[in-house]
1. Could you list all residues from segment 380-422 that are part of a strand (DSSP E or B), hydroxyl-bearing (S, T, Y) and under 35 Å from the mean Cα position of the chain (by Cα)?
2. Pairs needed: first member in segment 507-520, buried (at least 16 other Cβ atoms within 10 Å of the Cβ); second member anywhere, among the charged types (D, E, K, R) and in a strand (DSSP E or B); C-beta distance under 9 Å; at least 6 residues apart or different chains.
3. What number of residues in segment 422-459 are crowded, with 17+ Cβ neighbours inside 10 Å and more than 28 Å from S576 (Cα to Cα)?
4. With a cut-off of at least 3 residues that are closer than 27 Å to T38 by Cβ and within 22 Å of the chain's Cα centre (by Cα), name the strands (runs of 3 or more DSSP E) lying wholly within segment 423-481.
5. Quick one: which of E489, E577, E517 is among the acidic types (D, E) and at pLDDT below 90?
6. So if I check each of S42, S53, S73, S24, which one is touching a Lys or Arg at 6+ places or on another chain (Cβ under 9 Å) and either at pLDDT 95 or above or of a type outside the set (K, R) (or both)?
7. What's the total number of residues in segment 696-745 that are within 60 Å of the chain's Cα centre (by Cα), within 25 Å of E622 (Cα to Cα) and among the hydroxyl-bearing types (S, T, Y)?
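The values are calculated or read from the model by the stated rules, or taken from the named source; none is laboratory data. Since the structure is predicted, the reported quantities are computational estimates derived from the model, not experimental observations. When we count neighbours, we look across all protein chains shown, and the Cβ atoms used for this are built from the backbone with ideal geometry, even at glycine.
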Amino acid sequence: MKSYTVAGTYTETATYQNGEIKVSGVNIENASFTGNLTVVDSVIDGDIRLTNSAVQGELLVKGSGTVYLDGGSYQNIILEKQGVKIVLLGAATVENLTARAAATIIVDNQSRVKTLNVDKAASRTSITTQENGTIENIQSRGISDILLNTPTKLIGFGTNASGSTLVSNAVIEKIVAESKVSLTLNANVGTVLLTATGEGTGIILGNNAVITSLATETRVEITGEGSITSATTNDVLNITGTITPDVVYITTKPVVTDANGGLTVSTNTNRTADTISASGGSSTWYSDSSSSGTIINSKYDAPPLNPVDPVEPPSPTPPSPPINIPVEAIQVTPVEADVIMGNTLKLNTVIFPANATNQTIIWESSNTNVATVTNGVVTPVANGEATITARTQDGNKTDTCKITVKTNIAAVTMINTINATNNAIAETIAYDSSYNLPVVVIVQGYGSEVFPCSVTWTPNTVDTKKVGETLYTGTLVMPAGYVNLNNVEASIALTVSAQPLITASSELSSQRVYLNEDPAPIFVEASVTEAKTLTYQWSYRFGDSEIPLPEITGPIYDPPVSSTPGTVYYTCVISSENAEPVTVLAGIVVTSADPAVLPDPTAPVAVDETSPTAPAAADLSEMPTINEQPTSISQLSGVALATSLAQATRTAQAALGTPKADVTTASFTVDAQVTDGGELSYQWFESTDAINADGKPIDGATGKTFAVDTSGPAGTTYYYVEITNTKAGCLPVTAVSLPVSLTIV
């Protein structure tokens, strides 16, 4: 299921099965839909536009204010939104357009509609053709207001269309009115038919318009400036107004059914008579009951009789006895037939000889629970088989037809316990989750019958790591007695959500502590997409040993008091459902061999009553604050590219420095401060890893700025600086910068 949920123009030369438009402001260009396209009812107003697109099923308009169809082809358009407006532009072609609710329909440019239907519930629908836009056939079963500026073959007003209006400025081949309507005809019309239920219809002929043939079973008023070539009616008083037909035919049934089931003018008229029309004009009147070319007024005239001698009538001849021709055989066709529930089948019979006297046939069914028969018409009752027998009353001659009743699948109603719409459902699942295509779906048979039906899917397996929408099409496996004449298929539009992505944004923390000192807590900062939940697993490495910390499951870890000199690396693995885990080196704690508590040999030993042997604790100097971290350097063709490590993780673009010709050195700089009056000292280190511990001290690199030789071989070396605050009477304290890199390309 292709879904349009955001306004905008979708230029896509693509083919989909079904689609839904859920917002206004959507313009679809060059798309094709082999199934249905629906404008859902939640689209209250606004415009929808389809440009050079095609819908082979139904374009179902349940919402929107105006729908524009600019070019393209559409098999069936159904308007269900009250008050919606549809405009056909360009060379748009529509096979069938049905208004189920009152709508405004405009057919413009080169567009063409083959059949337009206005349902009874769509009363007051407005229809307009203009420029070269045409409608071939209009059938108005509800009230409609029609303005035609282009030729039309047929316009029909049903019995519930009373009050409709038609203004025509172009030629119409045929108009049929079965209700009271108002016709303003400013161009020629071939045939106008008014049935008995169209009483009170008014016709205005303008611009010298001509009606070639008028047939009316009821009273009609005709005014204006045009003319009527001929009229057929059952009562001379039916034709009123100021326009008198040139010729009037009188017959008992002016409007009859033609061979195709439509209405036409009766031709069952003959003989002529001159009289004066009800409007005062002179017309020639024809009657189907007259048998003489002589007009006889029975009130005043009687034909003369010639006197003759009486003649004795002859004796009557006794009638001959009837000749009985017996039935010899009967033949029924077809011999076998399938009948679909909801349909009927008319069986054909031939009696031999054809002139047999008694041709009465008695019909029988071997199983009336499967099929019944009346006058040769078979009506299915339920799936199964029955034998229909035709038996002649004369001679008891028989022939049979074997009937198999089957049910045609109407629709898929449920898939995966979800009610289906247009045989389809849509589902969204998490990335790499479990999803099984159903082996059965629920389908609708005849009427309200529903039952499970086996199904095979294409594709036949679900790739839950394939992000986005995949359409799975199900072919129904018909059980015995069922057919799928409409090729109904189940479909699942399955959307796999994007894989959750974990992003760690915290920077490496490095601490230098004294023996028996308590390090500060270490933390990680991370986020994850798709509204998932993060989990944390901590571990630390000391020497060559990696020790897990299973009890620590949050983003913060508070290391214990450092009781052993050396370097400890703390790592956190951040995980989430269906996401790739991220491992973060969160912190480094370097423990000095010097204790945090130093005895003062010149001062008396302070005695603690609870611990008489504990020495007094010495004060620590203030931890240096690093105001500006050193930045990494990439040396390429004499241009220095500098960026901080933290910035490099957040953006793919770094600020380029000023080009430097023939540069053979690069400098790292750090800025730090203390407020306790202590003295800061610096020591730079180099390392092969991006960590700020266990590096090799660089001789002479003891200032805020450190110059590195960049003329060496290509590669990357990491550097960091330790900043120590020394204050008289206090233990020194060291801060460590973030690791930075020098890359020579």
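1. Of everything in segment 380-422, those that are part of a strand (DSSP E or B), hydroxyl-bearing (S, T, Y) and under 35 Å from the mean Cα position of the chain (by Cα) turn out to be T407, T413, T421.
2. Close Cβ pairs satisfying both conditions: R512/E722; Y514/D594; L515/D594.
3. Of the residues in that region, 14 qualify.
4. 424-429, 440-444, 468-477
5. E517
6. So the residue among S42, S53, S73, S24 that is touching a Lys or Arg at 6+ places or on another chain (Cβ under 9 Å) and either at pLDDT 95 or above or of a type outside the set (K, R) (or both) is S42.
7. Residues flagged as within 60 Å of the chain's Cα centre (by Cα), within 25 Å of E622 (Cα to Cα) and among the hydroxyl-bearing types (S, T, Y) within segment 696-745 amount to 3.
Table: residues versus (1) assigned to a strand (DSSP E or B); (2) of a type in the set (S, T, N, Q); (3) at pLDDT 75 or above; (4) out of contact with any Lys or Arg (no Cβ under 9 Å at 6 or more places or on another chain).
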| site | (1), (2), (3), (4) |
| --- | --- |
| T571 | yes, yes, yes, no |
| P615 | no, no, no, yes |
| P630 | no, no, yes, yes |
| P659 | no, no, no, yes |
